[in-house]
Amino acid sequence: MTGRLFLTSPMSALAAALEVPVGALVDEPPRANVAPGQQIVTLTHDRLCHMRWGIIPVGRVNARGRPVMETIVNVRSETVFDKTAFAGTGRAVVPVDGWYEWTGEKRRKTAWRITPKGGGFLYFAAITDLWRAPGGMEVAQVATLTCPPNGDVAPVHHRMPVLLEKEQIGTWLTGTAGAVDPLLRPWPEGSLDILEARGGDWTAP
């Protein structure tokens, strides 16, 4: 699963890459280790905003009609359009500079930093939901999609995020389930750099 993200590039550079206004995120600080439960930068149809990483599935049920209890951080792309627990969710994109995975035994884990080969941003396909908290507060939430790994990621994890090319973002945000199905695939092998993360606070999930 994708358990930690990082986005340290300036928001002005991200907004320019996506051709959207930077808006209220102009002063967003660089973040080297973003965990589930925190606010993350998210792209909706035409703007950048914050959403909570992790969907609290209040009122959502599974195929047997039983409540979904666990917070949903990652969603399997193979079943996202089939499970009743995700009915009525929206779509978004989570832009990042990269993400981390870990290998090894507990307390002896090695952190791996995964970035696009040649630099630039990565764009994760995601779904969104709105949690209405006690007292009337509304919290926008997002969960990232995963798929089987490509040859780059397979040595460090059995899943990877669903990554979108920039020109595929519009299709993901507005296309039908049939139109987006071809996007829910591993990226081509050789497109990612995976290096051991050193010199930082890479606390494993």
Failed item in (1) at pLDDT 95 or above; (2) out of contact with any Pro (no Cβ under 9 Å at 6 or more places or on another chain); (3) under 22 Å from Leu145 (Cα atoms); (4) surrounded by fewer than 16 Cβ atoms within 10 Å (Cβ to Cβ), with His45 passing the rest: (1)
Filter result for Ala15 (under 28 Å from Pro148 (Cβ atoms) and either charged (D, E, K, R) or out of contact with any Lys or Arg (no Cβ under 6 Å at 6 or more places or on another chain) (or both)): no
Close pairs from region 117-132: first free of Cβ contacts under 8 Å to residues at least 24 places away in the same chain, partner surrounded by fewer than 20 Cβ atoms within 10 Å (Cβ to Cβ) and part of a strand (DSSP E or B), Cβ under 9 Å, at least 6 apart: Gly118/Asp193; Leu130/Gly90; Leu130/Glu138; Leu130/Val139; Leu130/Ala140
Selection status of Lys109, modelled with pLDDT under 90 and either out of contact with any Gly (no Cβ under 6 Å at 6 or more places or on another chain) or closer than 18 Å to Arg159 by Cα (or both): yes
Residues located in region 1-18, provided they are of a type outside the set (Gly, Ala, Ser), assigned to a loop (DSSP other than H, G, I, E, B) and at pLDDT below 95: Met1, Thr2
Subset tally (residues that are within 15 Å of Gly119 (Cβ to Cβ) and part of a strand (DSSP E or B)) for region 87-98: 3
Selection count, region 90-127, where residues are touching a helix residue (DSSP H, G or I) at 6+ places or on another chain (Cβ under 8 Å) and surrounded by 15 or more Cβ atoms within 10 Å (Cβ to Cβ): 8
Filter result for Asp181 (outside any helix (DSSP H, G or I) and charged (D, E, K, R)): no
Check on Leu130, over 18 Å from the mean Cα position of the chain (by Cα), assigned to a strand (DSSP E or B) and surrounded by fewer than 18 Cβ atoms within 10 Å (Cβ to Cβ): no
Selection within region 122-181 - of a type in the set (Val, Ile, Thr), over 16 Å from Arg76 (Cα atoms) and touching a Phe, Trp or Tyr at 6+ places or on another chain (Cβ under 9 Å): Val139, Val153, Val156, Ile169
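The values are calculated or read from the model by the stated rules, or taken from the named source; none is laboratory data. This one's a predicted model, so the numbers in the text were calculated from it and none came from an experiment. Cβ atoms come from the backbone with ideal geometry, glycine included; neighbour counts cover every protein chain shown.
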